[in-house]
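In what follows, a structure is listed as structure tokens, so that the remarks can point back to it.
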Amino acid sequence: AAGVVTERNRIYDWGPASSKFMHQIYLQNTRGAIVRWNILTGNAGGWGVHLYPNRDDSLIAHNIIDGNHGGVIFAGDDEATSDRNIVRNNAITYSQQRWNLEGSWSDAGTGSGNYAMRNCVYSNGEDAPAGIEVGDGGFAESTNLVSPGSPYVARSRSDYRFGPESRCAKLVGVVAGVIAGT
């Protein structure tokens with residue numbers, strides 16, 4: 001598929017903890033997809049956004065990706081890699097067992113031209129490993145903000161508005177308001 005736009009959705013409580021293959025948004029063999037203004041939460045069985053394999057030229061922007069097995073992953077298989085994807089201006093928080101942002105590559109090599117920038121990431125230290133995997137991840141990262149505390153008004157009540165002290169609001173935008181139509 002080419003040019004698919006996924007926006008203004010709330011996807012939650014997706015995938016059992018016994019599986020790591022139940023992703024909320026799974027872009028596979030697509031070109032030019034846009035994923036924006038979504039709230040993706042509570043997925044114990046996979047990533048919020050999974051770019052695998054051969055997912056090229058996509059934009060992931062202005063989303064709240066919270067409390068999933070993992071946040072966003074750039075990936076490839078034995079035949080193809082995901083390349084030239086941009087992940088920017090998202091809140092990627094409280095990933096459970098994987099990183100908030102990471103890469104995973106097989107024998108086809110490491111992806112290229114992938115960028116993660118101006119995202120707000122947070123973990124309370126109980127969820128591991130969280131943060132950003134910057135090793136040989138197949139993506140460059142810059143100007144991402146590690147929030148000093150939970151950025152949300154009331155995460156426990158699924159209130160994903162940003163608190164008045166949160167520096168994430170300026171980066172991410174009013175995702176909860178866009179989805180609510182306010």
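The values are calculated or read from the model by the stated rules, or taken from the named source; none is laboratory data. Everything numeric in this text was worked out from a predicted model, so none of it was measured. Note that each Cβ is placed from the backbone with ideal geometry, even for glycine, and that neighbours are counted across all protein chains shown. The protein model used for the area step is the full one, side chains on, heavy atoms only, and it has no ligands, DNA or RNA in it. Shrake-Rupley method; radii C 1.70, N 1.55, O 1.52, S 1.80 Å.
Residues in region 147-168 that are farther than 15 Å from Asn89 by Cβ, within 17 Å of the chain's Cα centre (by Cα) and at pLDDT below 90: Ser150 only. If we keep just the residues of region 25-82 that are among the aromatic types (Phe, Trp, Tyr) and without any contact (Cβ under 8 Å) to a residue 60 or more places away in the chain, which is nearest to Ser123 (Cα to Cα)? That would be Trp47.
Among the residues of region 35-60, which ones are outside any strand (DSSP E or B) and of a type in the set (D, E, K, R)? Within region 35-60, Arg55, Asp57 qualify.
If only residues of region 89-110 that are open to solvent by less than 10 Å² (accessible area, probe 1.4 Å), in a loop (DSSP other than H, G, I, E, B) and out of contact with any helix residue (DSSP H, G or I) (no Cβ under 7 Å at 6 or more places or on another chain) are counted, the one that is modelled with the lowest pLDDT is Ser95. Tell me, yes or no, whether region 126-145 has at least one residue that is modelled with pLDDT of 95 or more, in a strand (DSSP E or B) and not hydrophobic (A, V, I, L, M, F, W, C). No, region 126-145 has no match at all.
Screening region 14-34 for residues that are assigned to a loop (DSSP other than H, G, I, E, B) and touching a Ser or Thr at 6+ places or on another chain (Cβ under 8 Å) and picking the one that is modelled with the lowest pLDDT gives Thr30. A count restricted to region 53-70 and to residues that are in contact with a Ser or Thr (Cβ under 7 Å, 6 or more places away or on another chain), over 16 Å from Ile92 (Cβ atoms) and surrounded by fewer than 24 Cβ atoms within 10 Å (Cβ to Cβ) stands at 3. Restricting the first member to region 164-182 and to residues that are part of a helix (DSSP H, G or I), and the second to residues that are open to solvent by 40 Å² or more (accessible area, probe 1.4 Å) and modelled with pLDDT under 85, the beta-carbon pairs closer than 9 Å and six or more apart or on different chains are Ala176/Thr182.
Being open to solvent by less than 10 Å² (accessible area, probe 1.4 Å), outside any strand (DSSP E or B) and farther than 20 Å from Val4 by Cβ is a condition met by no residue of region 80-88.
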